[in-house]
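Take a look at the structure set out below.
Computed from the coordinates by the stated procedures, all read-outs in this text should not be read as laboratory data. Just so it is clear, the model here is predicted, and its values are computed rather than measured. Neighbour counts run over all protein chains shown; Cβ positions are idealised from the backbone, glycine included.
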Amino acid sequence: MRRQLPSFLVIGVLSTLFYLGLFVLARRFTDPQAANLLALAVSAVANTAANRRFTFGITGSEGAVRHQLQGAVAFLIGLGLSAGVLALLDLAVPDASRAVEVAGLVVANGLATVARFVLMKVWVFRGR
């Protein structure tokens, strides 16, 4: 756990920056919910692959598809939280700036990160 948590945090920060960059880019072309779905889907696959290799030390292709499918549960939790934040923002502040949208997504992503680590530790990569 002492080795895993720092690795998970570094990957989490990099994944969050990647996700937010994709969101801001996609937001130029589409609505907040679609941009969120696209950015989260792409970054979630990369996050699971990076954590598989660097946090939990699993190399090779054996089990990779299963791990990605299990990681999809964490993706769905993150999607629910981030979509919920964007929906609440749309109700409370219909013309919210990108900065406000991004701030809300940072909070949602923080909560999803806690859930992601627990899921990965106890279910996806258990015993590692």
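Miscellaneous remarks
- Within the stretch 58-68, if we keep just the residues that are surrounded by 12 or more Cβ atoms within 10 Å (Cβ to Cβ) and out of contact with any Phe, Trp or Tyr (no Cβ under 9 Å at 6 or more places or on another chain), the residue that is nearest to Ser15 (Cα to Cα) turns out to be Gln68.
- Whichever residue in the stretch 93-128 is within 19 Å of Leu5 (Cα to Cα) and of a type in the set (Val, Ile, Thr) and, among such residues, is surrounded by the most Cβ atoms within 10 Å (Cβ to Cβ): Val124
- Meets criteria (under 29 Å from Gln4 (Cα atoms) and charged (D, E, K, R)) for Arg52: yes
- Single match in Thr55, Thr48, Thr16 (criterion: crowded, with 18+ Cβ neighbours inside 10 Å, touching a Gly at 6+ places or on another chain (Cβ under 7 Å) and of a type outside the set (A, V, I, L, M)): Thr48
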